[in-house]
Amino acid sequence: MADAPVIAIDGPGGSGKGTISRRLALDLGWHWLDSGALYRLTAVAAAIGGVPLTRAADVARVAAGLDVRFVPGAGGDQVLLAGRDVSAEIRSEEAGSGASIVAVMPAVRAALVDRQRAFRRPPGLVADGRDMGTVIFPDASLKVFLTADLAERARRRHKQLSEKGIDVSLAALLRDMAERDERDTARSAAPLR
Ligand code: DC
């Protein structure tokens with residue numbers, strides 16, 4: 001349904017785009033696409049299926065075949081992978097780092113395009129992710145690039161993880177996020193722009 005309007009919110013991890021896009025979708029009564037969840041799901045599904053993240057063609061097959069259901073809820077979507085609740089699992093740093101590796105692969109990105117565009121339904125869609133305004137919905141009515149200092153993003157992520165009882169050092173997180181930024185920005189397939 002190409003007629004439904006789209007608000008695209010692009011930007012790096014930890015910038016607050018997840019929180020803002022979800023609240024915006026709730027306020028407007030629009031659909032919400034957390035595109036990063038699809039890359040995270042691909043990494044998690046590959047791990048479950050024993051598919052090494054070095055094998056792009058196999059990982060792309062995993063992405064194309066994802067059996068996923070998003071069940072909307074006030075605090076975010078519940079994510080079911082083949083019926084199993086992986087909502088917490090896909091938010092782990094491990095899934096995030098796996099997602100950043102598979103997101104570099106053009107075949108994986110291609111496998112996820114139609115799935116993302118299918119979220120565009122009336123009355124409208126708020127789409128969150130690195131390439132929403134550049135690649136997936138280039139005709140979005142509004143394109144937002146939301147960012148923040150690396151130190152601030154690392155601090156926010158650290159707080160989020162601590163609240164969940166996950167103990168990581170701020171320094172390690174900073175290093176990891178800088179690496180992930182570099183991978184997201186330097187890659188040739190749909191770089192962060
Ligand atoms: O926003 P996030 O942390 O859930 O994203 C996880 C990874 O997936 C991150 O490395 C960037 C990548 N990603 C992407 O390449 N394109 C998107 N539209 C969304 C996420």
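The values are calculated or read from the model by the stated rules, or taken from the named source; none is laboratory data. Bear in mind the structure is a predicted one, so any value in this text is a computation, not a measurement. Note that we place each Cβ from the backbone using ideal geometry, even for glycine, and neighbour counts take in every protein chain shown.
General remarks:
- Checklist (1) touching a Leu at 6+ places or on another chain (Cβ under 7 Å); (2) farther than 21 Å from Pro12 by Cα; (3) not acidic (Asp, Glu) applied to Gly73, failing item: (1)
- Counted residues, segment 113-143 - those being part of a helix (DSSP H, G or I) and either of a type in the set (S, T, N, Q) or within 23 Å of Asp67 (Cα to Cα) (or both): 8
- Considering segment 79-90, the residues that are under 13 Å from the mean Cα position of the chain (by Cα) and either more than 11 Å from the ligand (Cβ to nearest atom) or of a type in the set (Phe, Trp, Tyr) (or both) include one that is farthest from Lys164 (Cα to Cα), namely Val79.
- Taking the conditions (1) touching a strand residue (DSSP E or B) at 6+ places or on another chain (Cβ under 8 Å); (2) within 16 Å of the ligand (Cβ to nearest atom); (3) of a type outside the set (D, E, K, R); (4) at pLDDT 95 or above in turn, Trp30 satisfies each one other than (2).
Matching residues to (1) out of contact with any Ser or Thr (no Cβ under 7 Å at 6 or more places or on another chain); (2) more than 9 Å from the ligand (Cβ to nearest atom):
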| residue | (1), (2) |
| --- | --- |
| Leu41 | yes, yes |
| Val51 | yes, yes |
| Ala56 | yes, yes |
| Gly65 | yes, yes |
| Ser92 | yes, yes |
| Pro106 | yes, yes |
| Arg109 | yes, no |
| Ala118 | yes, yes |
| Ala127 | no, no |
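- Residues in segment 79-104 that are charged (D, E, K, R) and either within 14 Å of Ala43 (Cα to Cα) or surrounded by 13 or more Cβ atoms within 10 Å (Cβ to Cβ) (or both): Glu89, Arg91, Glu93, Glu94.
- Qualifying residue in segment 129-139 (condition: under 16 Å from Gly14 (Cα atoms), surrounded by fewer than 16 Cβ atoms within 10 Å (Cβ to Cβ) and within 14 Å of the chain's Cα centre (by Cα)): no
- Any hit, segment 71-78, residues being within 13 Å of the ligand (Cβ to nearest atom) and surrounded by 15 or more Cβ atoms within 10 Å (Cβ to Cβ): yes
- Reported count of residues in segment 151-178, each being within 14 Å of the ligand (Cβ to nearest atom) and either closer than 20 Å to Thr19 by Cα or free of Cβ contacts under 8 Å to residues at least 60 places away in the same chain (or both), is 9.
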